[in-house]
Amino acid sequence: MYRYDQYDQAMVDTRVAEFRDQTRRRLEGKLTEDQFKPLRLQNGLYLQLHAYMLRVAVPYGTLNAAQMHVLANIADKYDRGYGHFTTRQNIQYNWIKLEDAPDILADLAAVEMHAIQTSGNCIRNISSDQFAGAAADELIDPRPYAELLRQWSSFHPEFLTLPRKFKICVIASETDRAAMKLHDIGIRIVKNAAGEIGAAFYVGGGMGRTPMIAPLIRDFVPLDQLITYSEACLRVYNRYGRRDNKYKARIKILVHELGKEEYTRQVEEEFAHLLTQGIEPPIAELERIMAHFADPAFDTAASDDLDLSNRDFALWVARNTVAHKQPGYVIANISLKPVGGIPGDASAAQIHLMADLAKEYSFDELRVTHAQNIVLPHVRKADLFTLWQKLEAAGLGAANLDTVEDIIACPGLDYCSLANARSIPVAQKISQRFAANGKTGELGELKLKISGCINACGHHHAGHIGILGVDKKGLENYQLLLGGCEGDDTSLGKITGPGFTEDGIVDAVEKATDVYLAEREEGERFLDTYRRIGMEKFKEAIYA
Amino acid sequence: MKILTGNDLKSGAVVWWTGQDWSIHVEDAVDVGDQADTILAQEEAARRVNASYAIDAEPDGERGVRPAHIKDRIRALGPTVRPDLTLKPADPNAGNWVI
Ligand code: SF4
């Protein structure tokens, strides 16, 4: 994985020193909160319901064991013994003291991490496929390009005060596992008819209050023009994005209002101009980055055999592991969704353990997924049973990936000051309901996503079943959505009708799944059945 | 009644105006009548509180003061999903007060 050079390190070290001074001046009263707030936000420090909250960037979700240990140490030393992995492949701490924040940033900098650009109207953490570098269906590893974009976008002077926040995703596989078309810019690395590798650009997607699926604006940009084309996309947005209305300021609104054709025309014009300016980083820099992402030293003699005689292990293998490009290896997913647990939360001890397991069994690599789980990307099949036993012993062995129990839930009103309703208790009750009624396995793939407000951090628009918390005259209320999907056939969920109480929404979800079980045809997932039969039968059952 | 709340500048802890000072216990909150703006301006300027605001609340027999909105009741107690981290970790019914 990528390691900082002297410039990267100098940048984060300088930022820590700068923030230490800013924090001191705030505590001494030399800065008002109005002056200080934008400075702390630029360092990922929010003020949330119970305390300050620190969001730490995990570039394209990739971590090594040393970094993971530091994340656990921060949870222990400065927080309350746990961290929360987010849908942006980051980690958040909920109980941070302002006076500790500079020390935490220094601890992070010591392992090449930071919280820069995890807030504010700038280009945020670049996201990517959590199976990058390991997936069997991958064209190339997208992470060198994600890293190049990270370097280009870090402190990019032109794009630090955009009309609104900006999210970029890069993938390079057949299957989209990163909700690529629901980003401001989604980049898919593709091969053209001539066999050359380039990038398809999807621009203007997003969730939030006005969800939109990004249209394809160019199907092939040569990879040695990737940054130039990205810069053109951003420039047009920066110039014409709405700054007068926060709710219309995202690029999706600009692309929608201008129309895809006109937006594309302007991007192409800007692109042609920028090509004459020679802004693309030198190829030597890309090669330097690429060298960090060489395959680990796989054991080419590793056996493909797996003893599945233990039934619990066999279930975990079936649900939580994915084919690896290297024979004898698998991708192992650690579910952070135990039944009745808090989606995405992990204790310091669990974080330490996952770090140790990565070191021992996965070439020192971990990934954070947008579904709030952790991945050990390169595990020898021969080590899988031992690994699973260690996960089980630590409460990390839930065999439920991509099932109705693998719920994405934002922090909601338990932690978030923008929330209308709590998300976590709903997730807990749903996972408990399905664990108790035993239908989880029968339901197969079912992506359920919950947000505590219209900002949609819990991706409710993209859930096969989505739940949105709303405020109904001071009371928590929950709307149900059906038919959303991220990935290759991205679609946005539709609201079923009037909302529900907390218990009512759990019943409604179960009724929807019962309709699926009654109506499904051979091989259909919940989403397929919904798409075939439409909303009506679901509504009849839910509101009966 | 009108009560005042905010966060402690250094620790970020949720605090409530007691008439003289700030307390982490909502039951210490006092009715400030129409003095909210004056008190908040003074206290913010003295950096004794951060991100402060006034809210409606009502006297509550059981716990003294009950903020009108669920968000402030969650702030007063702690996350409902982590009773161990709330101000009443030993009280299994504390969560009911929030809802
Ligand atoms: S969706 Fe709303 S409630 Fe949930 S984390 Fe985002 S802003 Fe907070």
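Values computed for the structure shown
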read-out	value
Spans of helices (runs of 4 or more DSSP H) in region A:30-124 with at least 1 residues open to solvent by less than 10 Å² (accessible area, probe 1.4 Å) and away from chain B (no Cβ under 14 Å)	A:65-77, A:101-109
Boolean, A:Ala109 is in contact with a Gly (Cβ under 6 Å, 6 or more places away or on another chain) and of a type outside the set (Val, Ile, Thr)	no
In region B:45-71, the residues that are at the interface with another protein chain (Cβ under 9 Å from one of its Cβ atoms) and in contact (Cβ under 8 Å) with a residue 12 or more places away in the chain	B:Arg47, B:Asn50, B:Ala51, B:Ala68, B:His69, B:Ile70
Sole exception among (1) within 14 Å of chain B (Cβ to nearest Cβ); (2) crowded, with 21+ Cβ neighbours inside 10 Å for A:Ser127, by number	(1)
When residues of region A:444-454 are limited to those that are of a type in the set (A, V, I, L, M) and within 11 Å of the ligand (Cβ to nearest atom), the one farthest from A:Glu502 (Cα to Cα)	A:Ile454
Condition met for A:Pro282 (out of contact with any helix residue (DSSP H, G or I) (no Cβ under 8 Å at 6 or more places or on another chain), open to solvent by 10 Å² or more (accessible area, probe 1.4 Å) and within 22 Å of A:Asp129 (Cα to Cα))	no
Close pairs (6 angstrom Cβ cut-off, 6 or more residues apart or separate chains): not assigned by TED's automatic domain parsing to the domain that holds A:Leu49 in region A:411-424, part of a helix (DSSP H, G or I) and within 8 Å of the ligand (Cβ to nearest atom) anywhere	A:Ala419/A:Gly412; A:Ala419/A:Leu413; A:Ala421/A:Leu413; A:Arg422/A:Gly412; A:Arg422/A:Leu413; A:Ser423/A:Gly412; A:Ile424/A:Gly412
Failed criterion for A:Arg239 (all others in (1) crowded, with 16+ Cβ neighbours inside 10 Å; (2) in a helix (DSSP H, G or I) hold)	(1)
Residue within region A:255-278 that is in a loop (DSSP other than H, G, I, E, B) and within 24 Å of A:Leu353 (Cβ to Cβ) present	no
Cβ pairs under 9 Å, 6+ apart, first in region A:515-544 and assigned to a loop (DSSP other than H, G, I, E, B), second hydroxyl-bearing (Ser, Thr, Tyr) and open to solvent by less than 40 Å² (accessible area, probe 1.4 Å)	A:Arg520/A:Thr529; A:Glu521/A:Thr529; A:Glu524/A:Tyr516; A:Arg525/A:Tyr516; A:Met535/A:Thr496; A:Tyr543/A:Thr496
Residues that are touching a strand residue (DSSP E or B) at 6+ places or on another chain (Cβ under 6 Å) and under 30 Å from A:Val509 (Cα atoms), drawn from region A:370-390	A:Ala371, A:Gln372, A:Asn373, A:Ile374, A:Val375
Residue within region A:143-152 that is over 28 Å from A:Gln326 (Cβ atoms), in the same structural domain as A:Asn192 (by TED's automatic domain parsing) and out of contact with any Cys (no Cβ under 7 Å at 6 or more places or on another chain) present	yes
Some residue of region A:496-503 being out of contact with any strand residue (DSSP E or B) (no Cβ under 6 Å at 6 or more places or on another chain) and of a type in the set (Val, Ile, Thr)	yes
Complete set of residues in region B:1-41 that are within 14 Å of chain A (Cβ to nearest Cβ) and more than 13 Å from the chain's Cα centre (by Cα)	B:Leu9, B:Lys10, B:Ser11, B:Leu40, B:Ala41
Selection within region A:455-476 - more than 7 Å from the ligand (Cβ to nearest atom) and of a type in the set (A, V, I, L, M, F, W, C)	A:Ala462, A:Ile465, A:Ile467, A:Leu468, A:Val470, A:Leu475
Failed item in (1) open to solvent by 20 Å² or more (accessible area, probe 1.4 Å); (2) among the acidic types (Asp, Glu); (3) in contact with a strand residue (DSSP E or B) (Cβ under 7 Å, 6 or more places away or on another chain), with A:Asp141 passing the rest	(3)
Filtered residue count, region B:1-51, keeping only those that are assigned to a loop (DSSP other than H, G, I, E, B) and either over 23 Å from A:Asn94 (Cα atoms) or open to solvent by 60 Å² or more (accessible area, probe 1.4 Å) (or both)	18
Residues being crowded, with 19+ Cβ neighbours inside 10 Å and touching a helix residue (DSSP H, G or I) at 6+ places or on another chain (Cβ under 6 Å) - total across region A:303-329	2
Failed condition for A:Gly441, given (1) of a type outside the set (Ser, Thr, Tyr); (2) in a helix (DSSP H, G or I); (3) open to solvent by 10 Å² or more (accessible area, probe 1.4 Å); (4) within 16 Å of the ligand (Cβ to nearest atom)	(4)
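Conditions tested, residue by residue: (1) surrounded by fewer than 24 Cβ atoms within 10 Å (Cβ to Cβ); (2) closer than 19 Å to A:Thr87 by Cα; (3) out of contact with any helix residue (DSSP H, G or I) (no Cβ under 6 Å at 6 or more places or on another chain); (4) among the charged types (D, E, K, R).
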residue	(1), (2), (3), (4)
A:Ser417	yes, yes, yes, no
A:Ala435	yes, no, yes, no
A:Lys447	no, yes, yes, yes
A:Ile450	no, yes, no, no
A:Gln479	yes, no, yes, no
A:Thr496	yes, no, no, no
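Residue-wise test of (1) away from chain B (no Cβ under 13 Å); (2) in contact (Cβ under 8 Å) with a residue 12 or more places away in the chain; (3) within 30 Å of A:Ser128 (Cα to Cα).
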residue	(1), (2), (3)
A:Ser431	no, yes, yes
A:Lys449	yes, yes, yes
A:Gly452	no, yes, yes
A:Ala456	yes, yes, yes
A:His461	yes, yes, yes
A:Gly466	yes, yes, yes
A:Lys472	no, yes, no
A:Thr496	yes, yes, no
A:Ile505	yes, yes, no
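The values are calculated or read from the model by the stated rules, or taken from the named source; none is laboratory data. Bear in mind that the values here come from a model prediction, so they are computed numbers and not experimental data. Note that we place each Cβ from the backbone using ideal geometry, even for glycine, and neighbour counts take in every protein chain shown. Areas reflect the complete protein model, heavy atoms only, side chains present, ligands, DNA and RNA absent. Shrake-Rupley method; radii C 1.70, N 1.55, O 1.52, S 1.80 Å.
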